[in-house]
1. Taking the 0 to 90 degree range and rounding to the nearest ten, how far is the long axis of helix 259-269 tilted relative to the main principal axis of the chain, both from C-alpha atoms?
2. I need the peptides 254-267, 277-290 ranked by packing, meaning the mean over residues of other C-beta atoms within 10 angstrom, with the highest value on top.
3. If one takes the longest principal axis of the Cα atoms in the chain, at what angle in degrees, from 0 to 90 and to the nearest 10, does the Cα axis of helix 116-127 lie?
4. How large is the helix-only mean residue ellipticity at 222 nm for the chain, computed as the sum of -39500 (n - 2.57) over DSSP H runs with n ≥ 4, divided by its residue count, in deg cm²/dmol to the nearest 500?
5. Run the numbers on the chain and let me know its relative contact order in percent, using alpha-carbon pairs under 8 Å that are six or more apart.
6. If I take R0 = 35 Å and measure r between the Cβ atoms of residue 129 and residue 3 in this structure, what FRET efficiency does the formula 1/(1 + (r/R0)^6) give, to the nearest 0.05?
7. Quick check on the exposure proxy: order 168, 109 from fewest to most C-beta atoms within 10 angstrom.
8. Using only the Cα atoms of region 196-315, build the gyration tensor, take square roots of its eigenvalues as a ≥ b ≥ c, and label the shape rounded, prolate or oblate: rounded if a/c is under 1.5, else prolate if a/b is larger than b/c, else oblate.
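Rule-based calculations on the coordinates, nothing more; no lab input. Owing to the predicted nature of the structure, the values given are computational and were not obtained by experimental measurement. Virtual Cβ from ideal backbone geometry, glycine too; neighbours counted across all protein chains shown.
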């Protein structure tokens, strides 16, 4: 049995209570209000709703390039680097990124893994030595579903993904697709595939938002990567008003997979509350992937992060949710129970 004491951010509303979380056999046994001298802040572990972990072999290589030159298939810098990477080097690079992700409080990444079945297997191998289980959206033909958790399509303008979508339906696996990143032309075709997750939606207009609501499709947004690639800013406020929105960090070659940086950027740049941002970084991604975490509640998986509320950075903060979202960094993490 383990007890985590301090200010606990409880439930979907992240209601701060003074007390402790009791953990037994990897699950939350109880949440108890009680007097405590601990200044720690206990929150749900993060779920990074969109990553490209394979890009760990080429960190910062694409900074300053356009979207097409940086990441567009099949001939961008990203895909040339992936094709040239030695498998052992690729696995090692992804494992090191996963160690960073784990240490900084992320319990899972919803990863778009390139290179078909071989790519999905490489990510599984990278995760073996790390206490984190990435949710793998595979690529290539439908056989990748023998290894991956779902299918991740590059975009409706890149290829016809009808067969892969059908394969996901047959196997009851999620189908995710990039949409609305360079422009809006691929959003309606992506929605025609009836996806389980849309990624980016930078150029979503009202007609797209209405379809998203009608089809109940969640969206993963990656505002820092959108800024680096200069493709625009996603309409996060409007998306939140229409559907579930989760937060991702996108390509490792562009930005570190830090949910603290992503939360602070989102909170400072967009018309959103700190609680909405924290929900995007925890609960939303967990719900999209069907993970039993993202909320501190009895019976749930004990995927938790303990932040030092008395660190030199956070001491004096008057609101624990704002402190975590707008101010905290990886250096403030005392313990990640993932």
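1. The helix 259-269 is inclined about 90 degrees to the chain.
2. Details: 254-267: 22.4, 277-290: 24.6.
Output ranking for 254-267, 277-290: 277-290, 254-267.
3. 20 degrees
4. Values: 12 runs with 105 residues, N = 338.
Result for the chain: -8500 deg cm²/dmol, rounded to the nearest 500.
5. On the way: 783 pairs, mean separation 73.0, N = 338.
RCO, the chain: 22 percent.
6. Working: r = 28 Å, r/R0 = 0.81.
For R0 = 35 Å, the calculated efficiency reads 0.80.
7. 168, 109
8. Numbers: a/c = 1.90, a/b = 1.27, b/c = 1.49.
In terms of gyration-tensor shape, oblate.
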